[in-house]
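The values are calculated or read from the model by the stated rules, or taken from the named source; none is laboratory data. The shown structure was predicted, so the numbers you read here are calculated from the model rather than taken from an experiment. Here the Cβ positions follow ideal geometry from the backbone for every residue, glycine too, while neighbour counts run over all protein chains shown. For the accessible areas, the whole protein counts, side chains as well, though only heavy atoms, and no ligand, DNA or RNA atoms are used. Shrake-Rupley method; radii C 1.70, N 1.55, O 1.52, S 1.80 Å.
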Amino acid sequence: MSDPTEANGTAGTAGAGEAAQPAAGSGARERRVRVVLVDDHRMFRTGVQAEIGQTAETGVEVVGEAADVDQAVTVITATRPEVVLLDVHLPGGGGVEVLRRCAPLMSDTERPVRFLALSVSDAAEDVIGVIRGGARGYVTKTITGTDLINSVFRVQEGDAVFSPRLAGFVLDAFASTDAPPVDEDLDRLTQREREVLRLIARGYAYKEIAKQLYISVKTVESHVSAVLRKLQLSNRHELTRWATARRLV
């Protein structure tokens with residue numbers, strides 16, 4: 001795992017850099033944005049750094065990285081970036097927990113820290129969860145480097161940014177009078193516990209879950225026990241019925 005406060009400064013791709021630059025001969029970009037990358041996969045952080053982090057071309061300066069909730073809060077507090085690219089699924093409580101603990105930084109009128117969720121998940125509960133938590137937008141990891149750079153600058157300026165296929169249901173969820181209420185039972189679970197819950201409900205064995213989430217079988221067992229206790233359920237069959245009733249499977 002890399003040092004969470006290290007900014008690697010690897011070169012960006014030519015395509016993203018060229019698309020984001022002003023016309024030839026106009027010099028370096030006038031716009032600048034300081035960014036922290038929060039994702040528990042080091043290879044993904046490295047890829048994002050390579051795609052957007054050539055500051056002279058893109059205007060994006062990656063000032064820190066983090067792989068879990070505690071690291072994220074530490075590096076964000078220390079560096080005070082304009083924008084945080086935040087994964088939804090993180091060890092230690094998930095992106096929602098980072099947002100909760102960084103709430104004072106988001107509400108700072110002088111130097112607000114703004115969050116843009118960048119996740120492989122397009123599940124409604126993940127999107128709504130981080131938006132309720134204070135994130136300014138949500139894009140999936142299929143986004144291009146050029147679009148990600150543009151999204152970062154838009155969030156820095158205070159805009160809300162969403163991947164096209166997510167924007168519609170986000171608007172519906174917050175504008176509709178019959179939008180589903182907050183599920184207090186689900187809110188008791190950490191992000192990792194929700195991941196385990198979904199996989200259990202889909203019929204995965206403990207070993208399969210451990211392999212998919214890069215954790216030990218013992219850790220899976222601990223998460224399942226915590227989920228059953230918090231939801232006051234007795235076994236995985238009841239858990240599956242509970243998840244199916246809420247359309248989490």
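Structure notes:
- Hits in segment 101-116 (condition: out of contact with any Gly (no Cβ under 6 Å at 6 or more places or on another chain), at pLDDT 90 or above and open to solvent by 30 Å² or more (accessible area, probe 1.4 Å)): 101, 103, 104, 111, 112, 114
- Qualifying positions in segment 130-148 - touching a strand residue (DSSP E or B) at 6+ places or on another chain (Cβ under 6 Å) and assigned to a helix (DSSP H, G or I): 130
- Scanning segment 121-146 for residues that are buried (at least 23 other Cβ atoms within 10 Å of the Cβ) and either free of Cβ contacts under 8 Å to residues at least 24 places away in the same chain or basic (Lys, Arg) (or both) yields a count of 1.
- Filter pass, residue 43 being open to solvent by 60 Å² or more (accessible area, probe 1.4 Å), under 21 Å from the mean Cα position of the chain (by Cα), modelled with pLDDT under 95 and more than 20 Å from residue 73 (Cα to Cα): yes
- Evaluation of residue 59 against the conditions (1) crowded, with 20+ Cβ neighbours inside 10 Å; (2) of a type in the set (Gly, Ala, Ser); (3) farther than 20 Å from residue 161 by Cβ shows that the sole unmet condition is (3).
- Residue match in segment 37-49 (condition: farther than 18 Å from residue 155 by Cβ and among the small types (Gly, Ala, Ser)): yes
- Whenever a residue of segment 191-206 is closer than 15 Å to residue 245 by Cα, its partners that are open to solvent by 20 Å² or more (accessible area, probe 1.4 Å), lying with C-beta atoms within less than 6 angstrom and at least six residues away or across chains, give the pairs 200/236; 201/240; 201/249; 202/249.
- Of everything listed in (1) without any contact (Cβ under 8 Å) to a residue 60 or more places away in the chain; (2) closer than 17 Å to residue 90 by Cβ, the single unmet condition for residue 236 is (2).
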